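The values are calculated or read from the model by the stated rules, or taken from the named source; none is laboratory data. What you see is a predicted model; the values in this text were computed from it and never measured. FYI the Cβ positions are ideal-geometry reconstructions off the backbone, even for glycines, and counts take in every protein chain you see. These area figures cover heavy atoms from the full protein model, side chains too; ligands, DNA and RNA do not enter into them. Shrake-Rupley method; radii C 1.70, N 1.55, O 1.52, S 1.80 Å.
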Amino acid sequence: MRWFNIYIQTDNKLWNGRVDDWEDPASFRFHQLVQVIGTDELTSGENGFGILGFASDEGVRRNKGRQGAARAPDAIRQSLAALPYHLDGSGKIADVGNVYCEGDKLAEAQAELGQFASGILKKGLTPIILGGGHETLYGHYLGARASVGHDKTIGIVNIDAHFDMRNDPEPSSGTMFRQILEKDDKAGYLCLGIQELGNTRALFQTAERLGCQYILAKNLAVNDFKDTFTAIDDFSKRHDYLVLTLCTDSIVASAAPGVSAPSPFGLDPKTVKTLLTYIAGKTNVLSFDISEVNPPVDESNKTVRLAAYLVAETMHGFHD
């Protein structure tokens, strides 16, 4: 079945940069190792990562945020390309292109993203999904669910200032977790970094009604993260699989100004890196997405560069 959306293979020109040595792997950067291929070129039994973009602003538009995140996947690729490569032994890194949301066809685009993500998982690769607005997560979830079947439990770990559990008339970048929890009784939700001033009391009530676990931003680093790590460990043990998602508007605006909804009291980037690498080290983590990077409103490419660093750190942390 064909959706009303566009899939386009990545332009090889995005993966370029400085070359310190053409032959010594210890001198390589990401652009020297990433393979730009179509999903039909993946073979079964692969090992490594599959990079997939979701160029969508429609969920952000519906949620009344600043648009521009559809341009993030390629911008993050360009910044990631130049970073030194430290993933020896991690297998192939395949860039399999972008899914584009055309017009208001968000549900169709999310379904298509899910198909591609599921295909990557079934080939043995770990999806690294570059959003897009945080509506990316719903397509990401669809792919994970299709891959593992309906009998397994999936725990979604979200690093975010917002619950994204709004009860709006149409799905958006602010509704995904309510959509999932209301229809999937084998899904769980842990949100790290919640800001009290980023959510109404009604949203806190919705989170509790639907069984969402959360840790406020101000409590994440208490006891040198020990309490947070314990909560993550317990959540991981209760689920067959985990899906990891990062909304970059959880990060303090001085470090991440180029997002849909900048956060003046957001998390320090080092805190986010600590959380990402710890969670990615869990052996039951299936996949990762990063969302809400907005290049048109970024300041000196700060947010895009930070996103690339966080993607690289997360990949390095996977099942470490």
Which value in nm describes the separation of the simple spin-label points at residue 74 and residue 122, placed 7 Å from the Cα toward the beta carbon?
2.9 nm
Starting from the 7 Å offset along Cα-to-Cβ, what nm value, one decimal, do you get for the label separation of residue 216 and residue 20?
4.4 nm
Could you run the Karplus curve 6.51 cos²θ - 1.76 cosθ + 1.60 with θ = phi - 60° over the stretch 136-142 and give me ³J(HN,Hα) per residue in whole Hz, x for Gly and Pro?
3, 4, 5, x, 4, 4, 4
Could you pull the Rg and Dmax for the stretch 1-112, using just the Cα atoms, both in Å?
16.1, 49
Per the C-alpha gyration tensor (a ≥ b ≥ c, the square roots of its eigenvalues), the stretch 72-126 is rounded if a/c is under 1.5, else prolate if a/b beats b/c, else oblate; here it's oblate
Spatial separation of Cα centroids for the stretch 262-276 and the stretch 285-320, in angstrom
12 Å
Quote to one decimal, in nm, the extra length available between residue 64 and residue 265 on full extension: 0.36 nm per residue of separation minus the C-alpha distance between them.
70.3 nm
Just the Kirkwood number for the stretch 181-300, please: inverse of mean 1/r across all distinct Cα pairs, in Å, one decimal.
15.4 Å
So what is the relative contact order for the chain, in percent, with contacts set as C-alpha pairs under 8 Å and at least six apart?
20 percent
Please report the carbon-and-sulfur percent of the accessible area for the stretch 202-246; probe 1.4 Å, protein heavy atoms only, DNA, RNA and ligands left out.
47 percent
How large is the accessible surface per residue of the chain, computed with a 1.4 Å probe and reported in Å² as a whole number?
42 Å²
Neighbour-limited loop hits for trypsin sites (Lys or Arg not before Pro), the stretch 9-63 (at most 12 other Cβ within 10 Å; DSSP other than H, G, I, E, B)
18
Say a site is exposed when it is one of the GluC sites (Glu not before Pro), sits in a DSSP loop, and has at most 16 other Cβ atoms within 10 Å; what is then the longest site-free stretch of the chain?
103-298
Tell me the carbon and sulfur percent of the accessible area for the stretch 81-141, rounded to whole percent, probe radius 1.4 Å.
49 percent
Just to confirm my numbers, what's the Cα centroid distance between the stretch 168-241 and the stretch 40-101 in Å?
24 Å
Which trypsin sites (Lys or Arg not before Pro) in the stretch 201-280 sit in a loop by DSSP (not H, G, I, E or B) and have at most 14 other Cβ atoms within 10 Å of their own Cβ?
238
Measure off 7 Å from each Cα along the Cα-to-Cβ vector at residue 200 and residue 238, then give the distance between these two points in nanometres to one decimal.
2.7 nm
